[in-house]
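**Student:** What follows is a single structure, and I will ask about it in a moment.
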Amino acid sequence: MRITVTVDGVDYSDEVEPRTLLVHHLRERLGKTGTVVGCDTSNCGACTVHLDGHSVKSCAVLAVQADGREVTTVEGLAREGRLHPVQQAFHRNHALQCGFCTPGMIMQAIDLLADNPDPDEDEVRHGLEGNLCRCTGYQNIVRAVRDAARQMRPGAGPDAERVDEAKLVGRTPTHTGGGGE
Amino acid sequence: MTATAEPEASDREVGKARLRKEDARLITGATRWTDNMQLTGMLHMALLRSPVAHARITAIDVTEAVKMPGVLMVLTGQDVAAEQGSLPCAWPITEDMLAPPAPSLAVDRVNFAGEAVALVVARSAAEAHDALAAIDVDYDDLPVVLDMERAVADDADLVHPDLGSNKSATWIFDSAEAGTGADVDQALADSEVVVERTFRQQRLIPAFMEPRSVVVDPSPDSVTMWSATQVPHILRWMLSAVLGIPEQQIRVIAPDVGGGFGGKLQVTPEEVLTLVVARRLGKPVKWTETRTESMLSAHHGRDQLQRITVGASRDGKVTGLKVDLLADMGAYLRLVTPGVPILGAFMFNAIYKFPAYRFTCTNVFTNKVPTDAYRGAGRPEATFAIERIMDELAAELGLDPMDLRERNWIKHDEFPFTTVAGLTYDSGHYEAATDRAKELFGYDALRREQSERRANGDPVQLGIGISTYTEMCGLAPSRVLGALRYAAGGWEHAALRMLPTGKVELITGTSPHGQGHVTAWSQIVADRLGVPFEDVEVLHGDTRVSHRGMDSYGSRSLAVGGVAVVLAADKVLAKARTVAAHLMEAGEGDVEFAAGKFTVRGTSTALSLGDVVVAAHVAHNLPDGMEPGLDAEATFDPDNFSYPHGTHLCATEVDTRTGAVKIRSYVCVDDVGKVVNPMIVEGQVHGGLAQGIAQALYEEAVHDEYGTLTTATLADYLLPSAVDLPHFTTDRTETPALSNPLGVKGVGEAGTIASTPAVVNSIVDALRHMGVDDVEMPCTPMRVWKAINRRGDAVPTTPGAGGGLGSVNVDDQAHARGGAE
C-alpha cells in the first residue's frame, strides 16, 4: 500500500506492507532511529511518538494507519538549534542514564503536560505509567517533568509541535494506540 | 607527584554535579544503538527457539523454510556443530566442577525452553521470522528437572546424563580451615540462642531496556562486530577462543548500549552465530532480539535456596554463622555463572564480627535458562539472607533490630578490620551512616506510631525494615580473582593522548552503558591536568581504539578504571614537568604545577601545559634522548576490593485485609567514599533501589511444570513503573577508601544490594505480632495475605500482572499493583 506520512515536518510517500508497524516504518524506511523498540507487547513505551499531536505507542499502530497524518518523533522536537523544554529538563535533572527509554519518555511527558500543565508528583507518575525505565527509578524523571512544567507554562503541545492548533480542539485524554494512561 | 598542588576546592571538577556530556545525543534521538546500524547488503538472522525444556531433537526439516521469500540460508545445530565450539565459562570454581558442552545452536538435545535450535538468514528481518514458522522440529521429550532440592536427590532425573549428576560443584569456605575464625559447629553448639531460616532468592530477569542486538561485518581479512554488550574486550578474546579466529582479526564495538545490569556481561550464542553466518555468507548480518526472546534466552539472575543458621548469646552477641546454599545454574554454565554465588561467600558475615563461619554452596543444573550476573551478583543474595536473619535473631532475643546490629557491627575505630571471611575492610563508619539515616527517617517517631497502630488494632499495620549492608566491589585484585579460579584479571587500563591544540583524548578500558563515564572521567582528567572539562573527549568500547580493558561490571569502573585514568594523567604530568624544566631552564625540583600551569618557584617564569604539549609534539627542543610527545598510559590493579556501606530504612504500610503493601518512606544513607559526580551517584542509587525493591515486591521469573517460562513478556514480568515506586530520600556519608588514590568505592550495585532486605524486613515487622516471621519474595498481596492467614499450600500463588499496560486506575492506590492475582 502507498502511504504518505508527515514525519517531523517532512512528507514521506512510501510503499509499505500492510502489516508494517509504524515504528518499523519510522526506523527502517525513514531512518528515524531515534524512536526505538523495547518490547513486543506495548508495555514499555520506548517507541512513543505523537500522532496528530497525541502520544501513541508506535508499535501499536500500523504504518497504514498513519497515512495522511502527522507524526512527531523525538528527532523533531528541537527548534532552530534549541532543545524542547522537556528535553532540556531531562538533561538538567539527570532524568536519563542509558537513555533507551528517553525518547518515549520525553514524548509521553510532552503529551502529559499538554493535558495537565501543572501536574503534581502523583499525576506525573500516573501519566508516565505506560513508559518503563530500568535505570533511574523514575525519581529524576518525575522531577524533570515537573521542572519542565514550570518552564513552559501554559502547556507544550501546539507550541512544540508542527501540528495545527485546530486539530487539538476537543482533544480528549483518551489516546489511540495505547498511549500512556 | 608531590609538587602537584591541589586546585582550590571551588575550582575542582571532582565532586561537582556536572551535567552529562552523554545526554546530548540521547535526548535528541541521535543515538547509536546496535539495531540502528544499516550496512550495504546487510542480511538479517532470526532464531528458532525450543518450546520444550528438555528433549532429544529427532529430526529437523527445513525444506519448506529455505523456499520462503527472501531466505538465503537455514542452518541447524548439525550444520554448525564442527564450527561453533562451546560457549565459554571463565569461572571454573573447583578443579572437579562438572560442565557440559555449551553449543550456541543445539545439536541433538535441548536443555531449556528458549534454547536456539535453528537459524534463518533472509533479506529482511520480517522474512527471516516468517521462515521460522516453516521449520519443522521433532522433539522426543525427556524428564524435566526444575526444582533444585529434587535435582540434588540421589534418584533425580538428570539434566545432563553424561555428567552423571545435577551437582556441578560444591564450594566451601570454612573459617577454622582458613585460619580466619573458629569452628562454626562448635560455636553454634555452644550458643545460647540459635536461629535457622531458609530463604528463597527468586529467579529474576535483568530486563535491560535495550534488547540485545548484534551486527557483524565480515571482510576477508578481518571481522567487525557491533554488539549491545557490557564487555567488548572479553567478548573479543572469547570469540577468538571459541571460533579459532585470530584475535587481531576481530574488532568488537559496543556502541551506545541501553543498560546491562550484568545481563550484558556475557558471550552469547547469538553473537557466535551471527559471526558464523556472516563469515559463511560474506555479507553483513544483523540479529536483534524481541523482548520475549530476551526473556527466554538471555541469562537470568539470583535463584538460590539459602539455609542460614546464626548463633548468639542471650545478650545479643553473635557467635557463629553457617550458610548452606543451593544455587540454580540453569542448563549451562555461561561466562561467570558458577562464580556468582561464590561472590556472596565473602559477604554473608556482612558488617558483623562473627567469630566463626562456614559457607557451603552447591551449584545445581536444571532445565532452565542459565543464570549469571545480575546487578550485585551474589552479594544481594548474601546481604538479603544476613539482614533478614538479623531481624529474626532480634525478634528471638527481644531486642530492637537496630540495637542488635549495633552490638555486633565493626566500630569505626576498629578499621582496618579483617573479617571472618578473610577480607580486610579498609574503612567505614557504620555509626555515622546509621545516625543520619535514623534522623532523616524519624526512626523513633515511626516506632511509636507502630506501637499505637498495633495497640489500636489498625487494619493497616506499619512496619520498619532495616538493612545495614556492606558490599565488596571494585572487581577486583587480579591476584584474588586468580585464587578464586576466575580466568581473567581485574585490572583496568587508561591512556591519554595529548593533542597539539591542547585538547585531550582519554581512552578507557571500561565500557559504559548508561553510567556516565564520559562525564565523570572528563572531570577526573580536568582536575588532574588543569584542562577545561569540555576539552576532554573520552573514547571507549571499540577494541581498535581502546585495545586493553576489562570492561564494566561489579561496580569496578571508577574504583579501578577511574584510578587508571589518574595514574595515566600523573605520567603525563611527570614527563611534562621534565620538559617544562628544560624549556624554562630550571631544575626539575623547582618546577611547580597548578591549575594547568608550570611555574619556577620564586620566579614569574611560567609555561602552560598546552605550551609544553606543543613543545613535546614538535620536538624541536627536548632534553637529549627524550621521545617526542606526552601521551601516556597506565594500568591499575587494586590490591583490595572496596567496601561501600550504608544504612537503609524502609517503612511500609501493610493492609492486613488484602495483603497490599505500600512503601510509605524509604531513606538510605550510603557511604561510597569520595564522589566524583554527586548527581550521577544519586542516580545510580535511585536505579539500584528500584531494582532491589522490585525483587522484594514485584519481579519473579516463573516456570510452569513443563519448564515453560510463563513470564516471558513485560506484560507478565512485573517491571515496576513510576506508580509502583516511592520517592526515595537519599544522603551520603563520606569515608574515603584507602585502597586507591581517589578514595572512591563504587556505587553501581549498592542500592540493589541494600534495599531488598529493608523492604522485606519492614513487611515482616508490620506483621510480626500476628505471628508472621517470613514472607517469600516477591511479597505480592497474595503472599502477604497467605502469610497472615496461614494459608500455605491450599491457595496457589500466581505471579502478578506486568507493568506498563496502563492497568492502574488513577483513583486506586499505586500499591495495589501486583494484586491482579
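Quick note: the coordinates plus some simple rules give every number you see, no bench work behind them. Small disclaimer: the values here were computed from a predicted structure and weren't measured. Cβ atoms come from the backbone with ideal geometry, glycine included; neighbour counts cover every protein chain shown.
**Student:** Across peptide B:285-294, how many C-beta atoms of other chains are within 10 Å of each residue C-beta, on average?
**Tutor:** On the way: counts 0, 0, 0, 1, 1, 4, 7, 3, 1, 3.
Mean partner shielding for this stretch: 2.
**Student:** Amide H neighbours of B:Ser608 under 5 Å, counting only residues 5+ apart in sequence or on other chains, H built in-plane at 1.01 Å?
**Tutor:** Answer set, sorted by chain and number: B:Phe598.
**Student:** With just the Cα atoms defining each centre, how far is segment B:231-299 from segment B:495-516? Give it in Å.
**Tutor:** 25
**Student:** Could you pull out the pairs from B:Lys353/B:Lys438; B:Lys283/B:Lys503; B:Lys411/B:Lys438; B:Lys353/B:Lys745; B:Lys21/B:Lys571 whose alpha carbons sit more than 28 Å apart here? Spell out each step's value before the answer.
**Tutor:** Numbers: B:Lys353/B:Lys438 22 Å; B:Lys283/B:Lys503 39 Å; B:Lys411/B:Lys438 17 Å; B:Lys353/B:Lys745 22 Å; B:Lys21/B:Lys571 26 Å.
Where the Cα-Cα span goes over 28 Å, the pairs concerned are B:Lys283/B:Lys503.
**Student:** Let me ask something else about it. Note down the net charge around A:Pro119, summing +1 for each Lys or Arg and -1 for each Asp or Glu among other residues with Cβ under 10 Å from its Cβ.
**Tutor:** Working: positive: A:Arg125, A:Arg146; negative: A:Asp115, A:Asp118, A:Asp120, A:Glu121, A:Asp122, A:Glu123.
Residues near A:Pro119 contribute -4 overall.
**Student:** Is the C-alpha gyration tensor of the protein assembly as shown telling us rounded, prolate or oblate? Criteria: a/c under 1.5 is rounded; beyond that, a/b larger than b/c is prolate, otherwise oblate.
**Tutor:** Values: a/c = 1.21, a/b = 1.02, b/c = 1.19.
Taking the square roots of the gyration eigenvalues as a ≥ b ≥ c, the protein assembly as shown is rounded.
**Student:** Still on this structure: For every other residue with a beta carbon closer than 10 angstrom to the beta carbon of B:Gly70, add +1 if it is Lys or Arg and -1 if Asp or Glu, then tell me the sum. Spell out each step's value before the answer.
**Tutor:** Working: positive: B:Arg123; negative: B:Glu127, B:Asp130.
Every neighbour counted, the sum reads -1.
**Student:** Averaging sequence separations of C-alpha pairs under 8 Å and six or more residues apart, then dividing by the length of chain B, give the relative contact order as a whole percent. Before the final figure, lay out each step's value.
**Tutor:** Numbers: 2053 pairs, mean separation 120.9, N = 821.
About 15 percent, as a whole number.
**Student:** What is the magnitude of the charge dipole of segment B:206-359 about its Cα centre, with +1 placed on the Cβ of each Lys and Arg, -1 on the Cβ of each Asp and Glu, and no other charges, expressed in debye to the nearest 20? Write out the running numbers ahead of the final one.
**Tutor:** On the way: 17 positive and 13 negative charges, 101 e Å.
Computed charge dipole of segment B:206-359: roughly 480 debye.
**Student:** Then there's this: Using only helices, what value at 222 nm comes out for the protein assembly as shown when you add -39,500 (n - 2.57) per DSSP H run of length 4 or more and divide by the total residues, to the nearest 500 deg cm²/dmol?
**Tutor:** Numbers: 28 runs with 271 residues, N = 1002.
The helix contribution divided over the protein assembly as shown gives -8000 deg cm²/dmol.
**Student:** Please sort B:347-355, B:261-269, B:178-186, A:73-81 by packing, taking for each peptide the average over its residues of neighbouring beta carbons within 10 angstrom, highest first. Each step should come with its number before you reach the end.
**Tutor:** On the way: B:347-355: 23.8, B:261-269: 26.0, B:178-186: 16.6, A:73-81: 18.1.
With the highest mean Cβ count within 10 Å placed first, the list reads B:261-269, B:347-355, A:73-81, B:178-186.
**Student:** Can you pull the mean other chain C-beta count within 10 Å for peptide A:42-49? Write down the numbers at each step before the final one.
**Tutor:** Numbers: counts 6, 14, 9, 4, 5, 0, 0, 0.
Counting other chains' Cβ atoms within 10 Å and averaging over A:42-49 gives 5.
**Student:** Take every residue in peptide B:513-524, count the Cβ atoms of other chains within 10 Å of its Cβ, and give the average of those counts.
**Tutor:** The per-residue average across the peptide is 2.
**Student:** Ok, one more. What is the fewest-to-most order of A:Lys32, B:Lys21 by other Cβ atoms lying within 10 Å of their Cβ?
**Tutor:** Numbers: A:Lys32 23, B:Lys21 19.
Lowest count first: B:Lys21, A:Lys32.
**Student:** Next up: Please report the net charge: other residues with Cβ closer than 9 Å to the Cβ of B:Leu265, K and R +1, D and E -1.
**Tutor:** Numbers: positive: B:Lys264; negative: B:Asp372, B:Asp551.
That works out to -1.
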